[in-house]
1. Hey, which of the strands (runs of 3 or more DSSP E) in segment 207-303, taking only ones fully inside, have at least 1 residues that are open to solvent by 50 Å² or more (accessible area, probe 1.4 Å)?
2. Which residues, taken from segment 176-206, are small (Gly, Ala, Ser), open to solvent by 20 Å² or more (accessible area, probe 1.4 Å) and at pLDDT below 95?
3. Can you give me the number of residues within segment 257-280 that are touching a helix residue (DSSP H, G or I) at 6+ places or on another chain (Cβ under 9 Å) and without any contact (Cβ under 8 Å) to a residue 60 or more places away in the chain?
4. Yes or no: segment 159-169 includes at least one residue that is basic (Lys, Arg) and open to solvent by 60 Å² or more (accessible area, probe 1.4 Å).
5. Hey, can you tell me all the residues within segment 80-139 that are under 23 Å from the mean Cα position of the chain (by Cα) and free of Cβ contacts under 8 Å to residues at least 12 places away in the same chain?
6. Among the listed residues Ile85, Ile11, Ile104, identify the single one that is surrounded by fewer than 17 Cβ atoms within 10 Å (Cβ to Cβ), farther than 23 Å from Gln174 by Cβ, touching a Phe, Trp or Tyr at 6+ places or on another chain (Cβ under 8 Å) and among the β-branched types (Val, Ile, Thr).
7. Just need a number here: residues in segment 41-77 that are in contact with a helix residue (DSSP H, G or I) (Cβ under 9 Å, 6 or more places away or on another chain), more than 15 Å from Gly24 (Cα to Cα) and open to solvent by 20 Å² or more (accessible area, probe 1.4 Å).
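The values are calculated or read from the model by the stated rules, or taken from the named source; none is laboratory data. Given the structure is predicted, the values throughout are model-derived calculations rather than measurements. Cβ placement follows ideal geometry from the backbone for every residue including glycine, while neighbour counts extend to all protein chains displayed. We work out accessible area using only protein heavy atoms, side chains counted, and drop any ligands, DNA or RNA first. Shrake-Rupley method; radii C 1.70, N 1.55, O 1.52, S 1.80 Å.
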Amino acid sequence: MNRLHISGDPISKGLSLALGNFDGVHLGHQEVLNAARAHGEFAVVSFFPNPKRHFVPDTPDFELMSNDVQIQILKNFGAQAVHHIRFDGSLVDMSPEDFIDTLIEQFAPIHISVGADFRFGKDRAGNVDLLRERLNPKGIQVNALPLLTLDSEKISSSRIRALLSAGDIKTANQLLGRPHLMHGIVTQGDQRGRDLGFPTANLYPRGVLLPKFGIYATRLHIHDGKFAGDYQGASSLGVRPSFGINQPNFETHILDFEGDIYGCEISVELIEYLRPELKFDGLDALIDQMALDVIKCLEILNA
């Protein structure tokens, strides 16, 4: 029997497990986490890379969050540890029965929680019924959480991706149970924003889904340095068509703030989508619109 290839925290046996693919850690995922937490100390067992990345390796970036951000959010929900099973050809070919047996061997769980639609093993033949059939006789309870819906439609990572791509950040945030965020290290850009009177903190997102290009009202958290704390922002995601730049950039003008945060780690929460990015005829028109955007962001954030 093949063993699972697991990365992450050192494995602690005898815990409750939350098992699944937690991209986004949305409200449905949170139900699975809460069910595991109800049985005491718990760990999360997920998959990396995302299974879709294995089957369609050339697909554009679609993940809702980086691996590091996912781990941090899962631990914020109380997970004692986060483990990632390597999703590769050997896992795809593993029988559902072998997957369960090696899961028991390597974790010795007292309880497992999953979503009701959780599938696993070769040809995705394993399901909740098989989990219960194999685990209940060993005294391991299996808790299958019913799928959550909003407006009669299932809450899912794919639905959230579609909403973000359409600029419907409000509904996406409802499904997530918190604001969607962009995360990274502040990088020095071309300083055009500073020259225009609107200095920005720049991120160049990699490996995650980019929401609809445009202007957002945002809140941000600076994680380190002397300016660590929470702030309001007006953010632009796009390629800055007025300057003929093609590389996507996420830049945030921190409202009522002065300071150097180059190299700092920040998280920027997307609160509301204002408008698409536009190409302006001249700098004066651009500056005027940026001033209006800041006013609108303040209205939204202080409402």
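1. 214-222, 229-238, 265-275
2. Scanning segment 176-206 gives Gly189, Gly197.
3. 3
4. no
5. Passing the criteria: only Arg119.
6. Going through Ile85, Ile11, Ile104 in turn, just one is surrounded by fewer than 17 Cβ atoms within 10 Å (Cβ to Cβ), farther than 23 Å from Gln174 by Cβ, touching a Phe, Trp or Tyr at 6+ places or on another chain (Cβ under 8 Å) and among the β-branched types (Val, Ile, Thr): Ile11.
7. Adding up the residues that qualify gives 3.
Residue-wise test of (1) touching a Leu at 6+ places or on another chain (Cβ under 9 Å); (2) of a type outside the set (Gly, Ala, Ser).
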{"residue": "Ile110", "(1), (2)": "yes, yes"}
{"residue": "Phe120", "(1), (2)": "yes, yes"}
{"residue": "Arg124", "(1), (2)": "no, yes"}
{"residue": "Lys138", "(1), (2)": "no, yes"}
{"residue": "Gly167", "(1), (2)": "no, no"}
{"residue": "Leu175", "(1), (2)": "yes, yes"}
{"residue": "Arg206", "(1), (2)": "no, yes"}
{"residue": "Tyr216", "(1), (2)": "yes, yes"}
